[in-house]
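Okay, so here's the structure we're looking at.
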Amino acid sequence: MADWPQVMLGGLPIVRSTMEEAATGFIEQALRARGQNNLPFYSTSANGQVLAMCVRDREFMQLMLEADQIHADGMPMVHCSKLLCETPLPERVATTDLVHAVAERAQDESVSFYFLGASEEVNSKAVAAMRKLYPRLRFVGRRNGYFSPEEEEDVVADIRAKRPDILWIGLGFPFEQKFVSRNLEKLRGVGVIKTSGGLFDFLSGKNPRAPMWMQRRGLEWAYRMYNEPRRLTLRYMLTNPVAVYALLRYSR
């Protein structure tokens, strides 16, 4: 996985990176890739749910290991690294924050974005919100995530034709990882691919972010569960114990 320092957390090689380093790395990689026909630099993220699913199913583990880098998208992982790893993670690199750090730099370098995922309404609002925050940010395209297997080839063709510097894919785990695995070779010429989970829901305003004090203490999952109890309560009950086991058993 590229030349980034890593720690093993829950069985996955997690990049030891600050937010600033991650954002700067995306921009540098995107600029280097321009005019080339190389494979995209592929970045993904892990949280407790991802760790639990990787422990339970080797297919998911292999999907994650295809990435060039894996970021820690949860404060509990950062806290655990301080207890379990010789060299802990410096900070959380959450996609919901990373997209802003990258966008700030992308404006100055004319680095282009493409948003793929979520519903048509959410995707459209997410792009509009980013354009309002970053008026000089270039979007070369966007597409909702509701397409059939038969339509996937056309979706990939559109992305390839528009050659975004950075492609943000918000289809949810593991669907976005499977999409990248199927299509990485077809997306030559794209600079960076970043899987993004529910990023567009937050950018569009559909889902609120937790208060900053909860984010810092690793309690954002609790805030999300409070706001979406039907969808998330059972998920966390099933995945959190497995994630804790993975962190204790497979970290160093």
Cross-link reach list, lysines versus K132, counting only Cα pairs under 24 Å and skipping chain neighbours closer than eight places: K162, K194, K206
First select every other residue whose beta carbon is under 11 angstrom from the beta carbon of S81; then total the charges, Lys and Arg +1, Asp and Glu -1. +2
For D108, D3, write out the residues from largest to smallest accessible area, computed with a 1.4 angstrom probe and no ligands counted. D3, D108
Going residue by residue through segment 23-32, the Karplus relation 6.51 cos²θ - 1.76 cosθ + 1.60 with θ = phi - 60° gives ³J(HN,Hα) values, rounded to whole Hz and with x marking Gly or Pro, of 5, 4, x, 4, 5, 4, 5, 4, 5, 5
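Send over the per residue convex hull volume for segment 152-219, Cα only, as a whole number of Å³.
Convex hull volume per residue, Cα atoms: 114 Å³.
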Each residue of segment 193-202 in turn: what ³J(HN,Hα) in whole Hz from Karplus with 6.51, -1.76, 1.60 and θ = phi - 60°, glycine and Pro shown as x? 10, 10, 6, 9, x, x, 3, 5, 4, 6
Output needed: percent of Cα pairs per 10 Å distance bin for segment 20-109, bins running from 0 to the one holding the longest distance. 14, 39, 34, 12, 0
Among the Cα-Cα pairs of the chain, the proportion with separation greater than 27 Å, in percent, is 33 percent
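Probe radius 1.4 Å, ligands and nucleic acids ignored: give me the carbon and sulfur share of the accessible area of segment 12-250 as a rounded percent.
Solvent-exposed carbon and sulfur of segment 12-250 make up 52 percent of the total.
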Using the Karplus curve 6.51 cos²θ - 1.76 cosθ + 1.60 with θ = phi - 60°, what ³J(HN,Hα) values do you get for each residue of segment 133-149, in whole Hz, with x for Gly and Pro? 6, 10, x, 9, 6, 9, 9, 9, x, 7, 7, 5, x, 9, 9, 7, x
Of N47, N38, N123, which has the largest mean-square fluctuation in a 10 Å C-alpha GNM of the chain? N38
Any aspartates and glutamates with Cα under 14 Å of the K125 Cα? List them, leaving off those in the same chain fewer than 8 positions away. D201
For the chain, what is the accessible area per residue in Å², given a 1.4 Å probe and the full set of protein chains? 48 Å²
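The values are calculated or read from the model by the stated rules, or taken from the named source; none is laboratory data. None of the values given here were measured: they were computed from a predicted structure. Cβ coordinates were reconstructed from backbone atoms using ideal geometry, including for glycine residues, and neighbour counts include every protein chain displayed. What goes into the accessible areas is simple: the full protein's heavy atoms, side chains included, and nothing from ligands, DNA or RNA. Shrake-Rupley method; radii C 1.70, N 1.55, O 1.52, S 1.80 Å.
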